[in-house]
Structure formats: C-alpha cells, structure tokens
Amino acid sequence: RVEAHSDATAKSTMKANAPRTAPSHANVEKVNAELFTFTYGAVVRQLIEDYEDLDEVNKQLDEMGYNIGVRIIDDFLAKSEADKCITFEGTVQTIAGSAFRMFLGVTATVEKWNEDKTECSLLLEDNPMVDHVEIPEKNAKLVYCNMLCGVLRGALLQVSLRVQASIERDVLKGDDVTEIRLRLLEQIPEEYPFKDDE
C-alpha cells in the first residue's frame, strides 16, 4: 500500500503543472451513475434494516423515487433543452432517449405499446443500478429498482401525466432485462394562473 501511495504521489507531482482538460460529458455521466449506484445500494440496505416487511420497503423506495422525480424534472428540462412533448408517446420516447442517459448513463428502449398508445414498456438492457448486486433468497420479495417507478411517476405528474409504473422483469430475479411497465391513467388539463373573464 505504501508503494502504491508513493507511486501515485509521484505521478501526481509530475502532472501538477500539466494542462488540465475538462472531463467529458460522458465521463461525468458515468461518474454520476456510479455514485448513484453505490449510494442507492446503501439506501436499500438501510431500509431493509429499518423495516422488516419487504412490501413496506418496496413502498418506501417508490415514494422516495416519486419525491426525486418531482424535483429533477425541471433540472432535466433545463439541461436537455428538450421540447415540450404533447403526447404520452412523445414524452416516453424523450425519457428513454435522454433522461435515462442524463441520470443513469444509459438509454432505454420503448416497446410493447398497446393499441391506444396508453401503455408501454421501458427496457433497460444495461442497468447500472443492479451492478454487483445480489438479492438473497430471504429478500426475494424485494423490488430493488422500485425507486425508478417512483421517479417516473413523480416526473411525469409534473408534466400533467398521471401514470402507473411497475417492474415487470428484473435481472436480479433471472430476467435478461429490466422492464418497467408504464400505463397512462390520466392526462391532466393544464391550469392557468388567471382567467380571461372578458
């Protein structure tokens, strides 16, 4: 350890005066995603310790995600400069292509639309949230990525879309992808702060 530390110090000293380049956007996304992954794992472990009922843990993860979604939607819209989507379909495509990449460093695939375009699935073939994670058999009822469902519910509600979200397939339970099923419950009419009575 001492040798490794000394070597690292020497390299750091040699590069001290070298010109620094700003980290690329992709690298920042990767760091943010990895940091979130490790932090999330600690949160899940703490919830399991605090609640003996795994159904309650799943509920808490969903509620935590909902609160996050409510808050990050403005940040996403500002940073992505995404155009306002009119339809549920367009909004889901934006989430899959841009939002997941911004916050998790991956993109999702949108599939399995119903005829009315009110239900679909978001498929994550690469889900950094489950990297290096194993669920013991005693915690088989745990929906580890349930926070994602809450995030989607909270964020979409802020753009007037009330949805139901659930994990349909889970790589931690032997599936080949993470599948989140989205169902549009209501498209809420926008309210304006004033009315023209004239």
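What the table below lists for this structure:
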quantity	calculated
Dimensionless Rg over Rh [region 109-198; C-alpha; Kirkwood]	1.14
Local electrostatic count at Lys117 - Lys and Arg +1, Asp and Glu -1, tallied over other residues with Cβ under 15 Å	-3
Per-residue ³J(HN,Hα) for region 103-109, Karplus 6.51 cos²θ - 1.76 cosθ + 1.60, θ = phi - 60°, Hz, x for Gly and Pro	9, 10, x, 9, 10, 10, 9
Label-to-label distance, nm, for residues given as Met102 and Arg45 (7 Å Cα→Cβ offset)	3.1 nm
Spin-label model distance (nm) - Ser166 vs Glu56, 7 Å beyond Cα toward Cβ	2.3 nm
Label point distance in nm, Glu115-Ser80, each placed 7 Å from Cα along Cα→Cβ	3.0 nm
Cross-link pairs beyond the 30 Å C-alpha cut-off, checked among Lys59/Lys173; Lys112/Lys173; Lys79/Lys173; Lys117/Lys138; Lys59/Lys112	Lys79/Lys173; Lys117/Lys138
Efficiency of FRET between Thr87 and Glu125 - r from beta-carbon atoms, R0 25 angstrom, step 0.05	0.50
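Quick note: the coordinates plus some simple rules give every number you see, no bench work behind them. All figures in this text were calculated on a predicted structure; none of them were measured in a lab. As a convention, Cβ positions derive from the backbone with ideal geometry for all residues, glycine included, and neighbour counts pool all protein chains shown.
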